[in-house]
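A short worksheet on the structure shown next.
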C-alpha cells in the first residue's frame, strides 16, 4: 500500500519526508526530502545517487516495486525554508470525476484526489443497477490510498418527492487496525446518479476515516475528511 511504501522510505537514513505521486492510476514521481550531510558538489551528487539507489532497492525488496530510478527526486531539506515546505498530508479527499465511460463495454470511472495524487477506479457499468456500479468503482479508487479496507453492505436509491430530490443511501463497513465499523452515508441526486453515489460513499467514510498525519496510525477518534 501507498502508506506502507512511504514508511519504508522514511526509515532510510537522513530522510525527513516523502511524497509518492500517482497520475492516471500509475506511479509518476517519488519526492524525498533529506538532509544532505555535505555541501561539496561531488560528495552531494554521490549522496543523492546513493539515496536514490536505497529508495529503489528498499521498495523492490519490501514491496516488490520495480521503479525506474529517474522517478525518484531528492530534495535537500536544508535548502527549503520551513514556511515554503509543501504539506505532505492534507485532510481532504476530493472527487475529481465520476462518470460512465462508453467503450466496447461501458464502465463507471471514479477519480479521487489526495495529497496531489489522483486515484482512478473502474467497474463494469450495469444499467439495471448504476448505484452498485458506482460504489464498486469508488471502492476501487479508495483502496489505492491505503487508508483502510472498506466493503459494501448496501446502496439504495430513494425516489424524490416534494421535499427532496432522489436520495442515495449507502452503508459501508470500514476496517482499520483490526477495528471494524459500519457507516451510513447519504447524498441528494441532481440528475447525476453516479456522482451522487460517490458523494454518499464519502459522506459515510467522512464520519470515521482517519488520515495518516504524523505517525501513520488510525486513532480511536479520527478526524473528519472533507469532501467536495
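No lab work stands behind these numbers, since they all come straight from the coordinates. On a predicted model such as this, the values are computed, not experimentally measured, just so you know. Cβ atoms come from the backbone with ideal geometry, glycine included; neighbour counts cover every protein chain shown.
In the stretch 2-84 the Cα-Cα distances spread across 10 Å bins starting at 0 as 17, 53, 26, 4 percent of all pairs.
For the stretch 94-205, the square roots a ≥ b ≥ c of the C-alpha gyration tensor eigenvalues yield an a/c of 1.5 or more together with a/b not exceeding b/c, which makes the shape oblate.
Using 0.36 nm per residue of separation minus the Cα-Cα distance, give me the extension gain between residue 10 and residue 104 in nm, one decimal. Could the numbers behind the result be given before it?
Values: separation 94, 0.36 × 94 = 33.84 nm, distance 4.33 nm.
So the extension gain works out to 29.5 nm.
Take the Cβ atoms of residue 122 and residue 58, set R0 to 25 Å, and the FRET efficiency comes out at 0.25.
Each of 109, 101 has some number of other Cβ atoms within 10 Å of its Cβ, and from fewest to most they run 101, 109.
Centre-to-centre separation between the Cα atoms of the stretch 168-204 and those of the stretch 1-45: 34 Å. The peptide list 150-156, 176-182, put in order of mean Cβ contacts within 10 Å with the highest first, becomes 150-156, 176-182. Considering only alpha-carbon pairs that sit under 8 angstrom and 6 or more positions apart, the relative contact order computed for the stretch 113-164 is 31 percent.
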